[in-house]
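Following: one structure in structure tokens, then a few remarks.
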Amino acid sequence: MSLVHLNIGSNQNRHSNIRLAIQSLEQCFSDIVLSSLFESPSEGFKGNDFYNVGVNIATSKTTNKVVDILRDIENSLGRDRSLQKFSSRIIDLDLVLYGGIIDETLNVPRKDILKYAFVLAPLAELNPEEIHPLEGTSYQSLWKTFQSEQDFILRQYNIKKLFE
């Protein structure tokens, strides 16, 4: 079994779409652990604020199988892949980490870990002592450094807010 970390994001009908994504993940994986709910402005375009949630799962499925499951969930929720990269999203499910695997083709570990608070914050919350396979530093340390070096707006809520 490998520890896998995912990121769920949405800025369209956020509550509903993220809840549906979590329910879909629960049908495919067991022992799901959710981070807090994070809200941040859109990056790279003008749009509604995003909700993001980090998700830890333990699985023996291959990296490619996990990616296929994530794409199937996105498709079932109406994700339009023809939109440009930086645009509003009904749902976005990203494989952020798969144990200590480094796979450039799949972007694992995801380069966004070091670029965006909405990826690193939930990862550091759920896995503070785990070590980034390329950086050799804990996610907690990376988050502390990120906080001191970056300007960003990130609001954190109890995940229960999503289910109210």
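Bear in mind that the values in this text are calculations on the coordinates, not laboratory data. Bear in mind the structure is a predicted one, so any value in this text is a computation, not a measurement. Positions of Cβ are generated from backbone atoms using ideal geometry, with glycine treated the same way; all protein chains shown enter the neighbour counts.
General remarks:
- Rough spin-label spacing in nm, given labels placed 7 Å along Cα→Cβ, for Asp151 and Asp68: 4.6
- Derived from the Cα gyration tensor, the three semi-axes of the equivalent ellipsoid of segment 1-97 are 22, 14, 12 Å, largest first.
- Pairs from the table (Lys111/Lys161; Lys61/Lys161; Lys46/Lys111; Lys46/Lys144) lying more than 26 angstrom apart at Cα are Lys111/Lys161; Lys61/Lys161; Lys46/Lys144.
- Low-density loop cleavage sites - chymotrypsin sites (Phe, Trp or Tyr not before Pro) in segment 1-108, where at most 14 other Cβ are within 10 Å (DSSP): Phe45, Phe86
- Computed [θ] at 222 nm, deg cm²/dmol, the chain (DSSP H ≥ 4; -39,500 (n - 2.57); rounded to nearest 500): -9500 deg cm²/dmol
- Top positive-direction residue, dipole computed over segment 1-81 with Cβ charges, set Leu70, Asn11, Pro41: Leu70
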